[in-house]
1. Give the range 38-62 a look and list any residue that's under 28 Å from the mean Cα position of the chain (by Cα) and buried (at least 19 other Cβ atoms within 10 Å of the Cβ), or say none.
2. Any chance the range 187-209 includes a residue that's part of a strand (DSSP E or B) and touching a helix residue (DSSP H, G or I) at 6+ places or on another chain (Cβ under 7 Å)?
3. Among the residues in the range 255-269, are any within 14 Å of residue 29 (Cα to Cα), at pLDDT below 90 and buried (at least 23 other Cβ atoms within 10 Å of the Cβ)?
4. Any residue at all in the range 112-123 that is assigned to a helix (DSSP H, G or I) and either outside the structural domain of residue 284 (by TED's automatic domain parsing) or modelled with pLDDT under 85 (or both)?
5. Can you find even one residue in the range 17-27 that is touching a strand residue (DSSP E or B) at 6+ places or on another chain (Cβ under 7 Å) and modelled with pLDDT under 80?
């Protein structure tokens, strides 16, 4: 049985909850899939045999999906080797190998699928720190995650550590009201570390399960920003052993390679434990997920697949590849 058919059967045989998640990926990746599938199908239609020119054009297709030049070069090399090993002559069969290799990029070969769930401490306070530049959707992500955690029965508290951006505190406060979660805040221009400190004390006194901390995003003042983040982290480490339990870097998927550059900058300056990729539904360049994983070795933990409060999803590599190849899978099954 082909890899694509196995993917389809995997998701068809799962629970209703998993089917809903799969549908979210399918809908959320529609722009990337349409662009990607059309280009792959056009490529397959134009070439009768798998040769050097075919791989050169395939390279362009993958780069246009923002899979990343480094990742694409490695992928093309592996595809060429695999095509030779299997003695594949028909270009249609290459679709199978591409889908297999994309999953391998994310989870590795012959290994269990990577755990992309958040490091939540059961029975203890979990502190999650959010970092990233302005405009990527940090505050919205915090609000959506707060809703998700609250739905799971957890006591959640938010801390408005972005005291510099005009309206940032108010925006987080509005999200708190919307999802029914309290926000610990100071006035605009206050010391972010002091706000985080008060948030931790409030979380302890209220026996909260999770504290979500917003931070400023001023990449143009990179040194100042990173120094401020270091100060915030020191406060968290001092007040809560082994915290922060997650440092999540929020990136806007629609910015493509710029998001990759931001990830490199932040990962060099602070210990990022996971990526949140927002607005994945708004771009045809969803391949950036693979570039981030392959080139930085940082797992994508959450993805934004729509504007609804329920559209923030734990990243699932198989569901991602299924969403990317859904049209091809349907064609093969028909």
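The values are calculated or read from the model by the stated rules, or taken from the named source; none is laboratory data. Computed from a prediction, not measured in an experiment: that's the story for all the values here. With ideal geometry, Cβ positions are generated from the backbone for all residues, glycine too; neighbour counts draw on all protein chains shown.
1. 40, 58, 61, 62, listed by residue number.
2. No, the range 187-209 contains no residue that is part of a strand (DSSP E or B) and touching a helix residue (DSSP H, G or I) at 6+ places or on another chain (Cβ under 7 Å).
3. Residues of the range 255-269 that are within 14 Å of residue 29 (Cα to Cα), as a first pass: none.
There is no residue in the range 255-269 that is within 14 Å of residue 29 (Cα to Cα), at pLDDT below 90 and buried (at least 23 other Cβ atoms within 10 Å of the Cβ).
4. Here is the first cut: in the range 112-123, the residues assigned to a helix (DSSP H, G or I) are none.
No; the residues of the range 112-123 include none that is assigned to a helix (DSSP H, G or I) and either outside the structural domain of residue 284 (by TED's automatic domain parsing) or modelled with pLDDT under 85 (or both).
5. The first filter runs over the range 17-27 and keeps only residues touching a strand residue (DSSP E or B) at 6+ places or on another chain (Cβ under 7 Å), leaving 21, 24.
Subset that is modelled with pLDDT under 80: 21.
Yes - at least one qualifying residue is present in the range 17-27.
To keep it simple, each residue is scored yes or no on (1) under 30 Å from residue 197 (Cα atoms); (2) in contact (Cβ under 8 Å) with a residue 60 or more places away in the chain; (3) touching a strand residue (DSSP E or B) at 6+ places or on another chain (Cβ under 8 Å); (4) surrounded by fewer than 22 Cβ atoms within 10 Å (Cβ to Cβ).
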position	(1), (2), (3), (4)
246	yes, yes, yes, yes
274	yes, yes, yes, yes
305	no, yes, yes, no
326	no, yes, no, no
